[in-house]
There are 2 protein chains.
Amino acid sequence: MTPADLRRLASEGKFAAPTAGYCDGYVQANLVALPEAYAADFEKFCRANPKPCPLLERVGPGTSKTAKLAPGADLVDTLPRYRVWIDGENRHEVPEIRRFYRPDLVFFLLGCSFSFEEALIKAGIALRHVAEKKNVSMYRTSIPLAPVGPFQGEMVVSMRPIHRSRVAQACIITGRYPEVHGEPVHVGYPEMIGIRDITQPDYGDPVPILAEEIPVFWACGVTPQNVLLRARLPFAVTHAPGYMFVSDKKNEEYAV
Amino acid sequence: MTPADLRRLASEGKFAAPTAGYCDGYVQANLVALPEAYAADFEKFCRANPKPCPLLERVGPGTSKTAKLAPGADLVDTLPRYRVWIDGENRHEVPEIRRFYRPDLVFFLLGCSFSFEEALIKAGIALRHVAEKKNVSMYRTSIPLAPVGPFQGEMVVSMRPIHRSRVAQACIITGRYPEVHGEPVHVGYPEMIGIRDITQPDYGDPVPILAEEIPVFWACGVTPQNVLLRARLPFAVTHAPGYMFVSDKKNEEYAV
């Protein structure tokens, strides 16, 4: 399946799964869409917090079609699942947002850690959530973000259990992808970053940590959703965690 | 103090301290000297275990003067402290080995993690043992080595407490120095690699781990001493842990 195939199926309501493990080699992106009144602050917020919010493309106002990540793809229905936020609450989880579209919406596409998973797997570093077709485990943390305007809060992280002998290599490999979260923000000891129960992720599926494995934590593109909760904007749209925008860009274009 | 100054003072018996923190910017090396009969196996052992035993130079038989790391420097008295091993036991700890020299001795100079400490410090990653002029903490582990001839056993590691927010960077930075142990072999959780009590190093000084810090472990050039213990060779010489050969090579020459 090509990214164009997946986007077409999603727009027809025929693809409704988490996107991890699909379209190997292609960049997947987090989505945040906001009224133009908040867009300048949100863009500044992304620039101030590039690890959780690596800005790949800004689209609109006046259009919902990307020019860079997948020229012509319409962001209102090419993701498999969306969340619609009203007054800071996740009020709808829907397969397309055509009926919510407003011409003042600005769409932000943010890098996603799925992009470096390909590089990890190529290096022989097993990722169980991919093998088991689960959504990656994600957690709220106590790691503070740099605040801008109404946008503030704490980082959300994704967690992958890595065999102890490959943890340093996982840091090195993902460090080559600064535009898709880069190297981990934390290694081991979940309680140090405010995670009380590693078996209970706040988003995604639980993935058990085996005896010889260490939980490794990367900044996560779900962070803005945690921030939107607090900002209580009258209206916003995001992807549903794990249901990403699949672009036409190759992951390797983002390696340094 | 230049490396030549330090080596001259050592040869005159006027420098008798651990070498960490001296001659910033210059490569320090571990020493193993063996009778020629064991040299071929030991060289193979180093090639099979490059992380703990990164071979920088082989000297002799027939000479004790280096040609590459510090041309003309005599390895019998330019290190500040040596250990002499008889039948697998550390029988003497001495400031020079002139009286033990035999023409069939072959000297091996192995890379040392002190080389990457400069790069860590430059990146703003604090190293408390350097600040406090202590010897780095070193531990025997359960990580197995690839055996060659009489040489076998488990890896010795050095440990540095690193602030949790810099652990991944420490992996990336040290990964650029494969000839001086490279990236860590383990991060956090000492018990996973057979270390029972992190407060009791097997070599070097204890360095406390503070609340926000994680113990990070690198392969250590003291590993061959652990291996010599088991091989029970009739005769061998090593540096004393922490008292290294200081070369004329710059650390940066070993960065990739």
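The values are calculated or read from the model by the stated rules, or taken from the named source; none is laboratory data. Quick caveat: nothing in here was measured; it's all calculated off a predicted structure. For neighbour counting, all protein chains shown are included, and Cβ atoms are generated from backbone atoms with ideal geometry for every residue, glycine included. Accessible surface is based on the protein model in full, side chains and every heavy atom, while ligands, DNA and RNA are left aside. Shrake-Rupley method; radii C 1.70, N 1.55, O 1.52, S 1.80 Å.
Only a single item in (1) in contact with a Ser or Thr (Cβ under 8 Å, 6 or more places away or on another chain); (2) more than 14 Å from chain B (Cβ to nearest Cβ); (3) closer than 24 Å to residue B:172 by Cα is not met by residue A:145, and it is number (2). A Cβ distance below 9 Å, combined with a sequence gap of six or more or placement on separate chains, defines the contacts here; from the range B:184-199, residues that are within 11 Å of chain A (Cβ to nearest Cβ) reach residues that are open to solvent by 20 Å² or more (accessible area, probe 1.4 Å) and aromatic (Phe, Trp, Tyr) in the pairs B:188/A:189; B:189/A:189. The listed residues are B:207, B:222, B:180, and the only one of them that is more than 10 Å from chain A (Cβ to nearest Cβ) and out of contact with any helix residue (DSSP H, G or I) (no Cβ under 9 Å at 6 or more places or on another chain) turns out to be B:222.
Here residue A:106 fulfils each of the conditions (1) open to solvent by less than 10 Å² (accessible area, probe 1.4 Å); (2) closer than 20 Å to residue A:243 by Cα; (3) under 17 Å from the mean Cα position of the chain (by Cα) apart from (3). Tell me the residue from A:9, A:31 that is out of contact with any Cys (no Cβ under 9 Å at 6 or more places or on another chain) and either open to solvent by 50 Å² or more (accessible area, probe 1.4 Å) or over 26 Å from residue A:178 (Cα atoms) (or both), please. Just one listed residue meets the conditions, A:9. I'd like to know if the range A:174-183 contains one or more residues that are at negative phi, open to solvent by less than 10 Å² (accessible area, probe 1.4 Å) and not hydroxyl-bearing (Ser, Thr, Tyr). Looking through the range A:174-183, at least one residue is at negative phi, open to solvent by less than 10 Å² (accessible area, probe 1.4 Å) and not hydroxyl-bearing (Ser, Thr, Tyr). Screening residue B:30 against (1) within 22 Å of residue B:117 (Cβ to Cβ); (2) polar (S, T, N, Q); (3) at pLDDT 95 or above leaves a single unmet condition, (3). Residue count for the range A:233-256 satisfying the condition of being modelled with pLDDT under 90, loosely packed, with under 15 Cβ neighbours inside 10 Å and more than 14 Å from every other protein chain (Cβ to nearest Cβ): 2.
Condition check for residue A:71 on (1) open to solvent by 60 Å² or more (accessible area, probe 1.4 Å); (2) within 30 Å of residue A:161 (Cα to Cα); (3) not hydrophobic (A, V, I, L, M, F, W, C): one failure, at (2). Residues in the range A:157-168 that are in contact (Cβ under 8 Å) with a residue 40 or more places away in the chain and facing chain B (nearest Cβ under 7 Å): A:164, A:167.
Looking only at the range A:1-55, residues that are closer than 15 Å to residue A:110 by Cβ, not in a strand (DSSP E or B) and not acidic (Asp, Glu) come to 14 in all.
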